[in-house]
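I have placed the structure first, in the form of structure tokens, so that the comments after it can refer back to it.
Read-outs throughout are calculated quantities, based only on the coordinates presented, and are distinct from any laboratory measurement. Since the structure is predicted, the reported quantities are computational estimates derived from the model, not experimental observations. All Cβ positions, even for glycine, are placed from backbone atoms using ideal geometry, and neighbour counts span all protein chains on display.
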Amino acid sequence: MRLALSACAPFSLQAIIASHGWARLSPFFIEHQTTALGRVERLSTGRVVELIIREAGDGVTVETPDRLEGFEREEVARKVWWMLRLGEDLSPFYEAVREEPRLAHLEREGIGRILRSPTVFEDVVKVLLTTNTTWDRTVRMVEALVTQYGDPLPTDPSRHAFPTPDQLAAVREEDLRAIGVGYRAPYLIDLARRVADGEVDLEQLKDDNLPADRVRRLLQDLQGVGEYATALLMVLVGRYDAIPVDTVARERVSQEWYGGRPVGDEEIDRAFARWGEWKGLVYWWWPWSRDTGCKKQEAECR
């Protein structure tokens, strides 16, 4: 099966793949020989398929060796549309940064979109697994979670889809700890159970019309989701006025504008305030002159 999906211009699949570390987290993978983005995906029917996404024409093509029914093709299209933000019009962002010499190249190179998972649930789980740890350990934790609890790909049972809320809700805390997620185990189980039971609807956060305060409150009500995780998740769902402030952000801003002096949230917000609703995206793509933070938190690096 092969689908062709168009995107709002300008568009660059390679820029999306390089936007942050998500492309290296299972069940995503990168075909290094072809620079395609791949993913093992579980459809709502329960089928597990491999998707290969390549840039083509004014968008992308999505290929799978499986024959899909019409409604399954529509589901794949919706998921890829969301993951790659194909319908997102970033022209107001490009207009806002056009006079900033260090960002003027973004529009020309089609840079601006950030890769995300097909569900907000998956992104919340992955963000929880990036907190208070190294990037290498995040990769291992995600891989273990997917391998242990996700449905296998029929043509290659060593590869798996991301586990569903129902699948994770059935896991015991001690079993999650055994695969190395540590203190996050009860947070993941609580999240999965609340989503599986219908108590929390994370997918409603895909609605641009949902008030930002409501998005923030819903995220902060989740166990283990603090200020940094909330801001990162808001950026992932397209709320670009949030800046994920952590030690990396503080070090970057300190070195860039404050001569290495310690800075807090107020100084970081002031540094990007002039970009208003786009300040989180400006922070994301700012070409840091001394990006020592990348050595500490590769999940943020490009």
Could you tell me the largest-minus-smallest coordinate of the C-alpha atoms of the chain on each of the three principal axes, in descending order and whole angstroms? 54, 47, 38
Using 7 Å Cα-to-Cβ label points, what is the residue 148/residue 47 separation (nm, one decimal)? 3.1 nm
Check the chain and count each lysine pair with an alpha-carbon distance under 18 angstrom, considering only pairs eight or more places apart or from different chains. 4
Evaluate the Debye formula for region 2-109 with equal point scatterers sitting on the alpha carbons, no solvent, and hand back log10 of I(q)/I(0) at q = 0.22 Å⁻¹, in q order, two decimals. -1.24
What number, rounded to the nearest 500 deg cm²/dmol, is the helix-based mean residue ellipticity at 222 nm of the chain, given -39500 (n - 2.57) per DSSP H run of at least four residues and division by all its residues? -11500 deg cm²/dmol
Report the Stokes-Einstein translational diffusion coefficient (µm² s⁻¹, integer) for region 131-191, Rh taken as the Kirkwood radius over Cα pairs, at 37 °C with viscosity 0.692 mPa s. 273 µm²/s
Comparing 105, 20, 160, which has the greatest mean-square fluctuation in the GNM of the chain with Cα pairs linked when under 10 Å apart? 105
Ignoring solvent entirely, what values of log10 I(q)/I(0) come out of the Debye formula for region 136-275 at 0.09, 0.18, 0.22 Å⁻¹ when each Cα is a single scatterer? -0.38, -1.11, -1.30
